[in-house]
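Have a look at the structure below, then the notes.
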Amino acid sequence: MADHAQTAQGAGETRRDFLYLMSASAAAFGTAAVVWPFIDMMNPSSDVLALSSIEVDISGVQVGQAITVKWRGKPVFIRHRTPEEIASAQKADPEVDAKGHVIANPAGLRDPQTDASRVKKPEWLILVGVCTHLGCVPLGQKSSDPRGEFGGWYCPCHGSQYDTSGRIRKGPAPLDLEVPAYAFEKDTVVKIG
Amino acid sequence: MQKRSIALNGLAVLFGLTAVLFIAASPHEEVDIPREHWSFQGFFGKFDQAQLKRGFQVYKEVCSNCHSANLLYYRNLSQPGGPGFSEDEVKNIAASVQITDGPNDQGDMFDRPGKPSDAFKAPFANEQAARAANNGALPPDMSVLARSRAGKGFFNYAGADYIHAILTGYKDAPSGFKLQDGMNYNEYFRGHQIGMPPPLADGAVTFADGASNKLDDEAKDVAAFLTWAGEPSMEARKLTGLKAMLFLVVFTLLFYAAKRKIWAKIH
Amino acid sequence: MAAVFKNPVIRWIDHRLPVFSYLQHEANDYPTPKNLSYWWNFGSIAGFMLMVMIATGIFLAMQYTPHVDHAFNSVERIMRDVNYGWLLRYIHMNGASMFFIAVYIHIFRGIYYGSFKPPRELLWIIGVVILLLMMATAFMGYVLPWGQMSFWGATVITNLFSAFPWVGPKIVTLLWGGFAVDNPTLNRFFSLHYLLPFVILGAVVMHVIALHRFGSNNPTGIDMKGQQDSIPFHPYYTVKDLYGLGVFMLFYAFWVFYAPVALGDPDNFVPANPLQTPPEIVPEWYFLPFYAILRSIPNKLVGVIAMFSSILVLFVLPWLDRSPVRSGAFRPAFKRFFWMLVFDCAILMFCGKYPPTNYWMPFDLTVMSPDDIIAGTKLVVDDLGSITFANGHFGIQIIFLGQLAAIYYFAFFIVILPLLSIFERTLPLPLSISKAVLPQGGGGLQQPAAAKAMEKA
């Protein structure tokens, strides 16, 4: 008799625990489902995403000149390189094997990349103008700006110096200036992003 | 004591009856806006994409000559829950208009073909230009127009009913009605005098899919389009609502069962 | 009584900052009457709604621009471009209505069951403070989308303060920060709308502390006399509150997903235009009873005073209703007057909705404007009075109905309740909660309390 009552109670308890488990799970699931919209709401909205690429007309940029455009809230440097600038960039190239791995780095580049891998057309250098150290905008776009020892850009905040391929040569910055995704729509129009 | 009880009970009943009759009273409308059936009505209603495309065409060819829709962007036309144009179609639609951009490096404004990220091109540069071109009346922006017009619809699709009614409500003024200069008689507009001349007529727009372009259908199509324009997230809202209600029903039942179980000891 | 926790980390924290033993005490050791009905769910529902409003509000504020040129468009951007923006906005705007529904039911529960009576007077007063803060918050929040109703509602209500003699217009200019409702007004409303919910939160904390001092009231109005009358809050009322919350959320979800703008005014989808007043200026439904009281008095200043008095009278309720019997369950006369108050508030609400010169025609179930009545009959304007029998159709003017309803509202608090305290014949009270909830034969009854000393904790 007592046994029967106990098993019934035991069965009742497991039924009750299962119910509580289900209820608690439902509450947890509901809370998680509700939390996601709050988080996703902070992700970029449709209008921000719609402006994630821009088209730039570079027909007016003479050889040796540079322009700065705003893309995704950041400056993008577009420099029409002179043959000398292209040559000096290529001179400091590291040696790479067929797969692209760096075999030798005679110029001692901190972030070794070949100049060819950083441009689509050698005379057009397109870089994100944000110093890879702590985010300042390096100087060197205007001809009156200091360009550092390597003819590229000079960051006034902590002294990072970039060469004519935008690679870091001196100073605290760890990486080369970023090359954004871009494509030439026409010879005179480049689409960035 | 009996008398007091009856008096009090009677008074309470009178209050209750007054309240109920008052709440149930409906405001007398000067005109009854005819209620149409819309595909997007109801808990499971959806937009008819073909209708939205036709409605957009009506907007583009007729309404956009006077009415702006500043909160709509060309990219909205390819978003889910809308007319369902493809990305390429949207690029073409946008490129077919010239958008003023600038200033350029010389400080001048210039025109360029539209992009999907542009807002719908406005017909007038500013409110004053719009008024000057329309006898001093300002054609209202259409972005949320369908949401701003009331009617008897509890779920607020009265906007679509209203727009359809206005567009089909132009009639000759009845004898004795004093119509002011430059105004048009409309059966459903408040006061019956509207500044807008009848914008639509049978055959005003030709639809590529050969759908009916009678006035009534053109009006329905553009009303549906404007309803979408006012709330592009409607379909997402109803779908999410279904999921939420289902979950909440399960949640409530579970907690009801848990409550009964826990309280069984007490009862 | 310090509880013992198994987890050593919790014990370490609790020894230095006793949150855990405090929560344990409040949930498990705190005695709650065992007979609380579902009318007692609305306090926790209101608390839940406060959390929902704060959470959605903070995230909406990340995307909203409080400038007259950008506010309307920023709200539409939230609806169209921000991920789930439409959902958060609908939750927030319908949440305001849900919050008021829960709080109004909560208040009526308090009035009916005497939860405001000693020793809970301060608990009640803090509650009325919360109501006032909610009304201010909701009023300012409605201005933020900068639609026609936002602007004109703000103009009308801020203009009320000009009714006060001498300082009135100066106060209004101070509120506006200019010569009309404009950008300075919008900016300060945004700042205060963000601030006040946290003031409400503080007041709610005080409210709960005051509650826990003496514990909850219960449907019998009789204090707990011992352990046989009480049960621990957890798990009994935690699970009951969660169940009630589920039902409430089903109701809430219906509005959010299937009728998201039905409780609002379509005119608010028209951007604010200071040069054009909409045909009817109507506040949100939860303000309508007070709006009706305001409009029922032709004099501007007296109307304003009457409107504020309708809330201020709640502050002194514990001193107006001094009946020694707490719960309306044992007060038959009070019960009937209470329900008349409920219906009266509904009548006031609908009076606030319609233009005051319109006529309610109860037997035609319609509300008509004087123009429509005249158009349908051969009457001239002067023929219509407060009550009319135009062409055999009985009609009562909304403003007159509102005046009658306002009179009853004040009469209930200022005249009826004090008189009931003295002259009411109450039913005999049970000896205790347990005796009251036991089936027949278990309940012993007290003598009806006339003007005796009240039940004190």
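Worth a mention:
Per-residue answers, yes or no, for (1) touching a Cys at 6+ places or on another chain (Cβ under 6 Å); (2) of a type in the set (S, T, N, Q); (3) within 30 Å of C:Gly153 (Cβ to Cβ):
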residue	(1), (2), (3)
C:Gly178	no, no, yes
C:Asp182	no, no, yes
C:Val204	no, no, yes
C:His207	no, no, yes
C:Asn217	no, yes, no
C:Ile222	no, no, no
C:Lys225	no, no, no
C:Ile231	no, no, no
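- Filtered by the rule that a residue be within 8 Å of chain C (Cβ to nearest Cβ), among the β-branched types (Val, Ile, Thr) and over 20 Å from C:Asn35 (Cβ atoms), region B:248-264 gives B:Val249, B:Thr252.
- Count of region C:20-41 residues, restricted to those that are of a type in the set (Ser, Thr, Tyr) and not in a helix (DSSP H, G or I), is 3.
- The helices (runs of 4 or more DSSP H) found entirely in region B:85-173 that carry 1 or more residues being free of Cβ contacts under 8 Å to residues at least 12 places away in the same chain are B:87-95, B:127-133.
Every residue, every condition in (1) modelled with pLDDT under 95; (2) buried (at least 19 other Cβ atoms within 10 Å of the Cβ); (3) over 30 Å from B:Ser233 (Cβ atoms); (4) away from every other protein chain (no Cβ under 13 Å), yes or no:
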position: C:Leu50; (1), (2), (3), (4): no, yes, no, yes
position: C:His67; (1), (2), (3), (4): no, no, no, yes
position: C:Val82; (1), (2), (3), (4): no, yes, no, no
position: C:Leu88; (1), (2), (3), (4): no, yes, no, no
position: C:Ala96; (1), (2), (3), (4): no, yes, no, yes
position: C:Val103; (1), (2), (3), (4): no, yes, no, yes
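- Residue count for region B:235-267, restricted to those that are more than 14 Å from A:Leu19 (Cα to Cα), among the basic types (Lys, Arg) and either in contact with a helix residue (DSSP H, G or I) (Cβ under 8 Å, 6 or more places away or on another chain) or part of a loop (DSSP other than H, G, I, E, B) (or both): 3
- Evaluated against (1) in a helix (DSSP H, G or I); (2) within 28 Å of C:Ala138 (Cα to Cα), C:Trp319 falls short on exactly one condition, (2).
- Qualifying residue in region B:41-48 (condition: surrounded by 13 or more Cβ atoms within 10 Å (Cβ to Cβ), closer than 24 Å to C:Arg77 by Cβ and touching a Gly at 6+ places or on another chain (Cβ under 9 Å)): yes
- Of all residues in region B:70-86, those being surrounded by fewer than 21 Cβ atoms within 10 Å (Cβ to Cβ), more than 10 Å from chain C (Cβ to nearest Cβ) and closer than 18 Å to B:Lys238 by Cβ number 3.
- Residue satisfying condition, being at positive phi and out of contact with any strand residue (DSSP E or B) (no Cβ under 7 Å at 6 or more places or on another chain), within set A:Gly135, A:Gly151: A:Gly135
- Long-range neighbours under 7 Å by Cβ, at least six apart or interchain, first residue of a type in the set (Ser, Thr, Tyr) within region B:41-63, second assigned to a helix (DSSP H, G or I): B:Tyr59/B:Val222; B:Tyr59/B:Phe225
- Condition check for C:Ala292: in a helix (DSSP H, G or I) and crowded, with 21+ Cβ neighbours inside 10 Å: yes
- Within region C:204-246, if we keep just the residues that are within 10 Å of chain B (Cβ to nearest Cβ) and β-branched (Val, Ile, Thr), the residue that is farthest from C:Phe42 (Cα to Cα) turns out to be C:Ile231.
- Screening B:Pro232 against (1) outside any helix (DSSP H, G or I); (2) more than 11 Å from every other protein chain (Cβ to nearest Cβ); (3) in contact with a helix residue (DSSP H, G or I) (Cβ under 7 Å, 6 or more places away or on another chain) leaves a single unmet condition, (2).
- Any helices (runs of 4 or more DSSP H) falling wholly within region C:86-194 and containing at least 2 residues that are touching a Pro at 6+ places or on another chain (Cβ under 8 Å): C:121-143, C:148-160
- When restricted to residues that are among the polar types (S, T, N, Q) and more than 19 Å from the chain's Cα centre (by Cα), region C:281-336 contains 4.
- Complete set of residues in region B:23-40 that are surrounded by fewer than 12 Cβ atoms within 10 Å (Cβ to Cβ) and at the interface with chain C (Cβ under 7 Å from one of its Cβ atoms): B:Ala24, B:Ser26
- Flag if A:Ile58 is under 25 Å from the mean Cα position of the chain (by Cα), closer than 20 Å to B:Gly102 by Cα and of a type in the set (A, V, I, L, M): yes
- Restricting attention to region C:3-22 and to residues that are surrounded by 11 or more Cβ atoms within 10 Å (Cβ to Cβ) and either closer than 26 Å to C:Lys435 by Cβ or modelled with pLDDT under 85 (or both), the residue that is nearest to the chain's Cα centre (by Cα) turns out to be C:Ala3.
- Hits in region C:227-255 - residues which are over 26 Å from the mean Cα position of the chain (by Cα) and either touching a residue at least 12 places away in the same chain (Cβ under 8 Å) or on the phi > 0 side of the Ramachandran plot (or both): C:Gln227, C:Gln228, C:Asp229, C:Ser230, C:Ile231, C:Pro232, C:His234, C:Tyr236
- Failed condition for C:Ile399, given (1) closer than 29 Å to C:Arg120 by Cα; (2) more than 12 Å from chain B (Cβ to nearest Cβ): (1)
- All positions within region C:260-294 that are within 9 Å of chain B (Cβ to nearest Cβ) and either over 15 Å from C:Val143 (Cα atoms) or in contact with a Cys (Cβ under 9 Å, 6 or more places away or on another chain) (or both): C:Pro260, C:Val261, C:Ala262, C:Pro279
- Condition check for C:Val128: touching a Phe, Trp or Tyr at 6+ places or on another chain (Cβ under 8 Å), in contact (Cβ under 8 Å) with a residue 12 or more places away in the chain and closer than 24 Å to C:Val313 by Cβ: yes
- Comparison of C:Val167, C:Val181, C:Val143 shows that the only residue that is more than 14 Å from every other protein chain (Cβ to nearest Cβ), crowded, with 19+ Cβ neighbours inside 10 Å and over 26 Å from the mean Cα position of the chain (by Cα) is C:Val181.
- Close pairs from region A:135-149: first more than 15 Å from A:Thr164 (Cβ to Cβ), partner of a type in the set (A, V, I, L, M) and surrounded by fewer than 19 Cβ atoms within 10 Å (Cβ to Cβ), Cβ under 7 Å, at least 6 apart: A:Val137/A:Val130
- Test result for C:Ala138, closer than 16 Å to C:Ile58 by Cα and in contact (Cβ under 8 Å) with a residue 60 or more places away in the chain: yes
- With respect to the stated conditions, B:Asp202 fails to be in a helix (DSSP H, G or I) and either without any contact (Cβ under 8 Å) to a residue 12 or more places away in the chain or away from chain C (no Cβ under 14 Å) (or both).
The values are calculated or read from the model by the stated rules, or taken from the named source; none is laboratory data. As the structure is a computational prediction, the values presented were derived from the model and not from experiment. Reconstructed Cβ throughout: ideal geometry from the backbone, glycine too, with neighbour counts over all protein chains shown.
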